[in-house]
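Below is one structure; the comments refer to it alone.
The values are calculated or read from the model by the stated rules, or taken from the named source; none is laboratory data. Not measured: the values here are computed from a predicted model. Counting neighbours? That spans all protein chains shown, and the Cβs are built from the backbone with ideal geometry, glycine included. Side chains included, ligands, DNA and RNA excluded: accessible areas come from the protein's heavy atoms. Shrake-Rupley method; radii C 1.70, N 1.55, O 1.52, S 1.80 Å.
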Amino acid sequence: MRKTYGILVFMMLLCFGCQWQLKPNDDDAAANVSVARYDRIESLYLTTGDYSALQQMNTYFPMQTRTLIEDMLHIGKVDDPETNSRFYRFFQDSTLQRMLVDVQHEFADMDDINEDMASAFERLLDEMPALEVPHIYAQIGSFDQSIVVADGSLGISLDKYLGSDYPFYQQNYSDRQRRMMVRSMIVPDCLAFYLLSLYPIPLELVNTQKGRDLHMSKIQWVVNEVTEREVFQSDLISAVDHYMKNNRSKSFDDMLRSSSKTIFK
């Protein structure tokens, strides 16, 4: 079977330094899930230098702007007067300018993603009603991290989902990686990162590939269930499926907290 968990684990480990603080849930949390288009304001500034767009970034998306500039791009501190010009100059590279245009074209409409996201979170909350829903927004990075979770928000870097045949990807990523860099992976990746933030890999498993794979297979099984798709496939995920079918009284939370030794005998 095709095994996709290895790459996802590697990307997720990039986020371990974040603080996982999610906003309180309410009865309509799933229905209200939609992706805030921070990327549009960001793109306007980076392609035109429009100062009013920069002001909107800092006024309406202060945490997102700080995370992007300081933690993802490592350009400098947002309160440094020189940072804004460095941020603008950084994206004047011809490849990044082309990417900014391509992102806005490819994601001119995200209604399908909003619908899938809301449906998946609704199913997830049906199974795990105590979970809290993060604020979800779209941003544009520089082909590095795909999903970032911090301070109650979940950011989607649209530059990592332009399609497996995108020219820059073909030159810089393997076939296996490119299969995951597609629009249809946005919702599954969001759910997987979200769940990993709540159920981090246990310390006794984090230092071995096998241990990380065992833990991630449990999260990926949940993602498959709530998206109603076989997004992730592996023998380990099949083992989780077998375990859950034979232990129907087990909740998703029970399974995610269970020792891997209990499931993978």
Computed over the chain: longest principal axis from alpha-carbon atoms vs helix 186-198 long axis, angle to nearest 10 degrees, is 70
Applying the gyration tensor rule to the Cα atoms of region 53-120 (axes a ≥ b ≥ c; rounded if a/c under 1.5, else prolate if a/b exceeds b/c, else oblate), the class is oblate
Summing -39500 (n - 2.57) over every DSSP H run of at least 4 residues in the chain and dividing by its residue count gives a helix-only mean residue ellipticity at 222 nm, to the nearest 500 deg cm²/dmol, of -15500 deg cm²/dmol
In degrees rounded to 10, the 0-90 angle between helix 38-48 Cα long axis and the longest Cα principal axis of the chain is 30
Length gained if E132 through T47 is fully extended, taking 0.36 nm per residue and subtracting the Cα-Cα distance, is 27.0 nm
The FRET efficiency for D151 and R98, from their Cβ-Cβ distance with R0 = 35 Å and rounded to 0.05, is 0.65
In whole angstrom, the spacing between the Cα centers of region 77-111 and region 126-164 equals 17
Rounded to a whole %, the carbon-and-sulfur portion of the accessible area of region 23-123 at a 1.4 Å probe is 46
Quick tally, 1.4 Å probe accessible area for E42, E230, sorted with the most first, runs E230, E42
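Which order do the peptides 141-152, 45-56 come out in when sorted by mean C-beta neighbours inside 10 angstrom, highest first?
Answer by packing, highest mean first, reads 141-152, 45-56.
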Expected vector for region 165-181, Karplus 3J(HN,Hα) from phi with 6.51, -1.76, 1.60 and θ = phi - 60°, integer Hz, x for Gly and Pro, equals 9, 4, x, 4, 5, 4, 8, 10, 10, 6, 4, 5, 5, 5, 5, 9, 9
Sorted on mean Cβ neighbours within 10 Å (highest first), peptides 185-194, 198-207 come out as 185-194, 198-207
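Hey, can you find the accessible area per residue of the chain for me, probe 1.4 Å, expressed in square angstrom?
48
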The set of residues whose placed amide H lies less than 5 Å from the amide H of A150, leaving out same-chain residues fewer than 5 positions away, is G155
Mean Cβ-within-10 Å packing, highest first, puts peptides 167-175, 214-222 in the order 214-222, 167-175
Helix 111-127: inclination vs the chain longest Cα principal axis, degrees, rounded to 10, gives 40
Expressed as a percent, the accessible surface of region 198-255 that is carbon or sulfur, using a 1.4 Å probe and the full set of protein chains, is 47
Of the listed pairs K210/K245; K77/K210; K210/K250; K160/K210, those with alpha carbons more than 29 Å apart are K77/K210
